[in-house]
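Encoded as structure tokens, the structure appears first; notes follow it.
Bear in mind that the values in this text are calculations on the coordinates, not laboratory data. Please read all numbers here as calculations on a predicted model, not as lab measurements. Quick reminder, even Gly has a Cβ in these numbers, built from the backbone with ideal geometry, and neighbours come from all protein chains shown.
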Amino acid sequence: SQQGEEDPQALSIQEGENATMNCSYKTSINNLQWYRQNSGRGLVHLILIRSNEREKHSGRLRVTLDTSKKSSSLLITASRAADTASYFCATDTDKLIFGTGTRLQVFP
Amino acid sequence: NAGVMQNPRHLVRRRGQEARLRCSPMKGHSHVYWYRQLPEEGLKFMVYLQKENIIDESGMPKERFSAEFPKEGPSILRIQQVVRGDSAAYFCASSPLAGENTIYFGEGSWLTVV
């Protein structure tokens, strides 16, 4: 069964706004990763957060991890139209298990 | 350093034919993963291989699907007697070590069964 579930399934915002996506998972993890997928393309790794970390930043991305609640969030600040894509969380043991994704649309 | 290379990018097969999808991992990567993505859905794990070994095939359908990663050459995902429900994007990914940080994805192979 899928390990991760993203919420919301779809999100539409205006350029400049912040976008927050959430991910919940079911079992213990080594780390959690976020990926981005443009339509018709492969997945691009965005950020990895380890199970002993609570927050991590990379450019306009901020990821939090709450292992007690088995949840993570991805915040994209000052969004741009080019951020339009699907975003997936993935948890790993010896392989990555992906959530169902959040489709983000950023309107100019 | 070339990324994960998949071919063909697009493949059309008639029902009952065979589909072969190829994946060359990144240089130095000995672990390969195959995922399937149906339209508007997430990626579903299929199989994890190392050179000449299948490590985890828990996501592979019991029939018609097989995968290999020979000592030389690319990893192959083979689908025999394709049916319309096999139409999907098939993604390959590679990593240098098991459970190691990031895995790197190819651009995918889109299979359409007509």
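Some points to look at:
- In this rough spin-label picture, where each label sits 7 Å from Cα along the Cβ direction, the B:Glu63-B:Asn7 distance is 3.3 nm.
- Residue among B:Val12, B:Val47, B:Val32 with the largest mean-square fluctuation in a Gaussian network model of chain B, springs linking Cα atoms under 10 Å: B:Val12
- Contour excess over end-to-end distance, with Cα ends at A:Glu15 and A:Thr67 and 0.36 nm allotted per residue: 15.6 nm
- B:Arg78-A:Thr27 FRET efficiency (beta carbon distance; Förster radius 30 Å; 0.05 resolution): 0.45
- Centre separation in Å (Cα based) which lies between the stretch A:11-45 and the stretch B:47-113: 23 Å
- Prolate is the label for chain B, because the ratio a/c of its alpha-carbon gyration tensor axes (a ≥ b ≥ c) is 1.5 or higher and a/b is greater than b/c.
- Its alpha carbons give the protein assembly as shown an Rg and a Dmax of 17.5, 50 Å.
- Subset of A:Lys69/B:Lys27; B:Lys44/B:Lys71; A:Lys26/A:Lys56; A:Lys70/B:Lys62; A:Lys26/B:Lys71; A:Lys70/B:Lys51 violating a 28 Å alpha-carbon distance limit: A:Lys69/B:Lys27; A:Lys70/B:Lys62; A:Lys26/B:Lys71; A:Lys70/B:Lys51
- Given charges at Cβ of Lys, Arg, Asp, Glu: the protein assembly as shown dipole, positive-most of B:Thr102, A:Asn38, B:Ser87: B:Ser87
- Simple rule: put +1 on each Lys or Arg Cβ and -1 on each Asp or Glu Cβ in the stretch A:66-108, find the dipole, and look at A:Ser73, A:Ala85, A:Phe107; the Cα lying farthest toward the positive end is A:Phe107.
- Which of B:Gln17, B:Ser30, B:Pro74, positive extreme of dipole for the stretch B:12-78 (C-beta unit charges): B:Gln17
- Counting Cβ atoms of other protein chains within 10 Å of each Cβ in B:36-46 and taking the mean gives 5.
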